[in-house]
Structure formats: C-alpha cells, structure tokens
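The values are calculated or read from the model by the stated rules, or taken from the named source; none is laboratory data. In this text the structure is predicted, and so the values were computed from the model without any measurement. Every residue, glycine as well, gets a Cβ built from its backbone with ideal geometry; the counts of neighbours run over all protein chains shown.
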Amino acid sequence: MTSDFFRGFHGPRGTKAGRDPLHATDEHGVSPAFPPAPSVDELLSADADRLASAGDDVDSWGDAVSRDGAGSGDDSGSGDDGAASYWQLSRTPLTSLVFTLPLVAAYEGGVLLLGRGSPRNGADVWLRDVLGSLGFGQYFLLPLATVAGLLAWQFLAHDRWKISFAVLPGMMAESVLWAVVLVGVGRLQQSVWPLEVWPSAGWPLDVGPAVFGAGWRGVFARIVGYCGAGLYEEVLFRLLLLPVGVWLFGRMGCGPVAAGGWALVVSSLLFSAAHYVGPLGDAFEISSFTFRAIAGMLFAVLFLVRGFGIAAGTHFFYDLLVGLV
C-alpha cells in the first residue's frame, strides 16, 4: 500500500544539425563536447551541493523517523512537518504491527484464559482451518504468520525500519474518530432504514450471555472477541483477500484503478456475508447486510489509504462502542 514515486531522468539535449560534436574544437583545441575532466576538489564541491539540494526534497516523514530514532525533538513545533510525518509513519506496516500487537496479545491470551472451548472469532477459525488443512495446525502459528506477513510487507515496501512511538496515541485517537464516524453512518441508516438488530462489524459478536457467560467474565469474553474481530477479520478480508482480488481482476483485464475498485467492493460484500455464516451467525437481513458492506468498504479504504493498523483499530473500537457503550 505504500505509494511509489517515479522520477524521470532526461539525458543531454541533442546537438544542432550540421555540427559534428566529436571533432569541433575551440581556439584552445579543446572539444566542447568533451570538456576537461574536473578536479577532485570540484567533484567534492559539486557532490556537496547536490546532497544539500536533495536534503531539501526528502520526505518530511523520513526526517521525523531519524529525529525520533535519535531522540531529538528540535522540530517538534513544526505543524506541517509533524502532520506529514504522522501521515506517513502511521501507515507503514512496521508501525501497524506495533500498533496491533496489543490486539494479538489480548485476543490470544484472552482465549487461553477463557479456555480453548470458548467462542472464537469466525475469521480466526477459518484461517486456522486453512492452515490446518495445509498441515500447519500449531496453535500459535496464525499470530506468528500475521507478524511475519507485516514484516515481509515492510521489507517489500522498502520503508525505513524505524518506529516512532509518538504516533501511536495519534493512531488510537484516529481509530476512535473513524469508529465514531461509522457509528454515525449506522445511526443515519437507522433513521431512514430501521435495523431490527444494531449490527456489529465483528463476527460473531451479537451473541449474549448464553454464549459468553454473565457478569464480568462475559464482558471480558466480549472484549476478547472484539480484539479478534479487529485483528483477524482485517487480516482475512483486507490484508489477504483485497490484494488477491486486485491481482485477479487485473488478470481479467481490468486496469489498476478498476481492479482496485472491484476488489474493494467484492471483499466488502464477502465481509458482510460472513456475518451470517455458521451456528453463531446472524439471521440474514438486507438492512444489516447493507450496513456491514458499507462498513467493509470503509475498512478497505482505511486499509488502502491509512494502513492496516488504522483499519484494525477502527474495527476494534467500533465493535467496542456498539457492544459495550
């Protein structure tokens, strides 16, 4: 998802017609096409000038990474540079990994505390079934594979291997903001197209004490489920299916923009449909299906524009808001 920037390089302009640059010389017998080689001092001076000029064009987020890694705060008051730094740093796979590690720990640790027989997130079950069918049934393989996938993405994206922990609170606040926006979208739909049951974006999350238990154990179990939804549903439908969809539609002859658009729509429809599958799935309702498809599109756009971490965080906080608040 990291944007690539391409710069053009232009060679020297052609010479005038009728002139032979290989043989023309000036009054000192020096060919203008092949001037004398510059001295070492001239080369060093020119290199210094070019480096100074290039330094002005370096992305502001790169400067912020260096400052954060060195612990320097000299430019902390620069609003424009700070905004650009946050925008770039918060969307890198490495930062997304650090931001979502609490979801990994909370979900996997919570499931172990509750017992392996407790209800698990549907996407988690599906992903483990796929790995098991391939002969990889080890319990901690899925979270390790998720971590490895984000690290591989960081490597392939050629992003810098530095983390700014200062952006993590901003990512949390942004995720809460987008979750509130999604709640607002749901309220708006509710006003014009009433929902029989207020839909959660998680799966399955609309079940009550009969499944999760009553009291604080039930609340804890639901929060664990929200962590699993924010993590593994984003892994399945955004981190895996969305790129696969882009590739498939590209193979079918769609251009990059069209392939991305179709992959976004199809993955969002599959995301919505998944909430009605299995014994803990909801009864199908077109209004809730529509809302969940819209939610899936928002998560997909956030994944493409803001990175995996913001998408997973938004998903978790939305489920938390509609489930417990």
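Applying the condition of being among the acidic types (Asp, Glu) and assigned to a loop (DSSP other than H, G, I, E, B) to segment 167-210 and asking which residue is modelled with the lowest pLDDT yields Asp206.
Of all the numbered requirements in (1) part of a loop (DSSP other than H, G, I, E, B); (2) polar (S, T, N, Q); (3) modelled with pLDDT of 90 or more, Thr146 misses one, and that requirement is (1).
Restricting Ser288, Ser267 to those that are in a helix (DSSP H, G or I), under 21 Å from the mean Cα position of the chain (by Cα) and buried (at least 17 other Cβ atoms within 10 Å of the Cβ) reduces the list to Ser267.
From Gly225, Gly260, grab the single residue that is within 27 Å of Val104 (Cα to Cα), out of contact with any Lys or Arg (no Cβ under 7 Å at 6 or more places or on another chain), modelled with pLDDT under 95 and crowded, with 16+ Cβ neighbours inside 10 Å.
Residue meeting the stated conditions: Gly225.
Pairs meeting the criteria (first residue in segment 220-249 and over 15 Å from Val125 (Cβ atoms), second residue among the charged types (D, E, K, R) and part of a helix (DSSP H, G or I), beta carbons under 7 Å, at least 6 apart or on different chains) are Tyr226/Asp319; Gly230/Asp319.
Taken over segment 225-255, the criterion of being small (Gly, Ala, Ser) and in a helix (DSSP H, G or I) is satisfied by Gly225, Gly228, Ala229, Gly230, Gly245, Gly250.
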